[in-house]
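Here is the structure we will look at, set down as structure tokens.
The values are calculated or read from the model by the stated rules, or taken from the named source; none is laboratory data. None of these values were measured; they are calculated from a predicted model. For neighbour counting, all protein chains shown are included, and Cβ atoms are generated from backbone atoms with ideal geometry for every residue, glycine included. Ligands, DNA and RNA are stripped out before the accessible areas are found, and what is left, the full protein with its side chains, is counted by its heavy atoms. Shrake-Rupley method; radii C 1.70, N 1.55, O 1.52, S 1.80 Å.
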Number of protein chains: 2
Amino acid sequence: MLHNRPKDLQETSEASRVLQAIRQIVSEGLLPSDGRLPTERHLAAELEAGRASVRRALDTLEAEGLIWRKQGKGTFAGQPPDPTEELAAQIASDVDPLSAMEARLCIEPALADLCARRATADDVARLRKLAERTHDAEGSDSAEIWDGALHHAIARIAGNRLMLTAFTLIDEVRMGDDWQEKRHRARTPETRAFYDAQHQKIIDAIHARDGTAAANAMREHLETLFDNLRKSMEGRP
Amino acid sequence: MLHNRPKDLQETSEASRVLQAIRQIVSEGLLPSDGRLPTERHLAAELEAGRASVRRALDTLEAEGLIWRKQGKGTFAGQPPDPTEELAAQIASDVDPLSAMEARLCIEPALADLCARRATADDVARLRKLAERTHDAEGSDSAEIWDGALHHAIARIAGNRLMLTAFTLIDEVRMGDDWQEKRHRARTPETRAFYDAQHQKIIDAIHARDGTAAANAMREHLETLFDNLRKSMEGRP
DNA sequence: GGATCAAACCAATCGTTCATTGGTTTAGCC
DNA sequence: GGCTAAACCAATGAACGATTGGTTTGATCC
């Protein structure tokens with residue numbers, strides 16, 4: 001409770017006072033295990049503020065990605081949950097690497113296209129940073145992870161929730177199991193240099209806002225991956 | 001009703017009599033659109049048999065894969081549904097009609113392509129039958145359903161589990177609600193004739209095993225749907 | 001005795017209702 | 001302009017009852 005707020009010390013506005021108070025609640029571990037915050041009405045009463053002020057503060061925190069809200073449900077700390085993983089686990093058993101690649105070849109060029117048409121300057125900068133990380137990665141493991149992050153970022157920037165979910169589904173299944181090893185074998189120093197160049201080409205097209213070129217570059221990239229995967233598989237089935 | 005069953009002709013047992021009767025109900029198209037069978041109690045009364053006999057018959061049909069049952073829900077013809085619906089229901093809230101159409105434009109042409117390369121003669125025959133049903137459908141509701149079944153069949157024949165799941169995801173979200181009404185307005189007698197012709201074109205391409213043509217025909221079909229949806233939306237937002 | 005039926009009960013599901021919660025608007029107060 | 005208070009909307013969830021498949025029991029009929 002903050003009942004003893006001195007009325008004469010109003011150097012900071014009501015808005016920032018409330019924001020600070022809620023931010024403290026969130027950052028400290030003072031929440032139930034599900035991360036649920038008190039209701040807006042409750043917070044308003046507790047902080048002796050109006051609901052509008054509380055909501056403005058929550059708006060800020062939501063924009064910062066620290067909380068997420070759902071009408072009729074509540075306000076929660078952290079990121080909104082992604083139910084995709086569960087579904088991916090369920091269907092992973094009857095999906096083989098080739099059909100996963102087929103699916104990627106279908107959806108990722110389209111995502112690159114949308115990405116090129118919707119990316120902001122910030123987005124492009126973030127992609128370049130990810131490509132750099134992929135390039136600089138030491139081990140094959142690490143390179144895989146940054147490569148995945150790059151593809152995922154492109155999917156997110158594309159700005160279509162359904163297609164992002166479809167991509168995530170494919171990605172989860174792909175990361176799932178088994179063929180991890182096969183892909184590892186398919187990633188040699190030579191292919192890595194090749195992949196880096198293709199990533200550059202994709203990002204350049206996105207930077208140039210050329211959706212068609214981005215889609216083509218992505219398709220080319222995936223075809224390369226596909227070929228290498230096939231080679232690696234027919235060698236040792 | 002089978003009230004006039006002669007008591008003296010008991011060459012076949014009660015069990016097989018009930019089984020035959022229910023099998024007929026399932027195989028004929030005497031079910032509501034969702035494939036729901038009458039309740040066990042209802043069937044028992046209708047067939048003048050006990051519930052136990054009806055259940056034994058349903059056990060057989062379930063073992064044959066012709067029906068599936070769920071406690072508290074009912075008995076249905078066909079196969080049990082995917083776990084995809086759950087995911088669809090969860091993300092349906094933040095998907096708008098336009099982005100759903102965007103996703104369809106991405107995935108369905110690719111599915112048509114794969115379908116053309118993998119469909120058997122039986123598959124093509126089934127597609128033609130569905131297109132016919134769509135054409136003959138009386139109401140706008142009914143046409144929607146058969147249209148959906150046609151697109152779903154193409155996705156299934158394409159033979160890629162991941163892409164089928166992605167399609168089902170989009171389809172479930174699309175069928176969810178809200179915009180149902182908008183799509184209804186977009187479906188007029190003129191557009192329906194147009195759609196029928198486009199369906200024909202798609203199936204012809206599949207029949208000819210021409211993947212590229214099938215994809216293009218599908219894309220054209222979806223573009224038409226997209227345009228009509230947009231018109232219908234801007235008219236009354 | 002085997003098969004069948006009637007009845008009763010259990011458990012899962014669905015539709016409805018109602019309270020809760022975030023989302024939004026309006027009016028009034030410094 | 002910033003803030004509060006109040007009222008309303010829309011979405012969610014908990015609770016209840018009705019429905020439906022799942023199961024058991026005992027009676028009935030060849």
Evaluate the stretch B:140-159: report whether one residue or more is within 12 Å of another protein chain (Cβ to nearest Cβ) and either open to solvent by 10 Å² or more (accessible area, probe 1.4 Å) or outside any helix (DSSP H, G or I) (or both).
yes
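Yes/no matrix, rows are residues, columns are (1) under 30 Å from A:Ala15 (Cα atoms); (2) at the interface with another protein chain (Cβ under 10 Å from one of its Cβ atoms); (3) within 12 Å of DNA strand C (Cβ to nearest atom); (4) without any contact (Cβ under 8 Å) to a residue 24 or more places away in the chain:
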position: A:Glu48; (1), (2), (3), (4): yes, no, no, no
position: A:Ala57; (1), (2), (3), (4): yes, no, yes, no
position: A:Glu64; (1), (2), (3), (4): yes, no, no, yes
position: A:Gly78; (1), (2), (3), (4): yes, no, no, no
position: A:Pro81; (1), (2), (3), (4): yes, yes, no, yes
position: A:Ala100; (1), (2), (3), (4): no, yes, no, no
position: A:Pro109; (1), (2), (3), (4): no, yes, no, no
position: A:Arg117; (1), (2), (3), (4): no, no, no, no
Scan the stretch A:98-110 and give yes if some residue there is surrounded by 16 or more Cβ atoms within 10 Å (Cβ to Cβ) and in contact with a Ser or Thr (Cβ under 6 Å, 6 or more places away or on another chain), otherwise no.
no
Going through the stretch A:66-75 one residue at a time, which ones are more than 8 Å from DNA strand C (Cβ to nearest atom) and surrounded by fewer than 16 Cβ atoms within 10 Å (Cβ to Cβ)?
none
Consider A:Glu40 carefully, then state whether it is out of contact with any strand residue (DSSP E or B) (no Cβ under 6 Å at 6 or more places or on another chain), more than 14 Å from chain B (Cβ to nearest Cβ) and surrounded by fewer than 16 Cβ atoms within 10 Å (Cβ to Cβ).
no
Restrict the check to the stretch B:23-30 and report whether at least one residue is within 30 Å of B:Leu162 (Cβ to Cβ) and modelled with pLDDT under 90.
no
Okay, helices (runs of 4 or more DSSP H) sitting entirely in the stretch A:20-111 with 1 or more residues that are of a type in the set (S, T, N, Q) and over 24 Å from the mean Cα position of the chain (by Cα), I get A:51-63
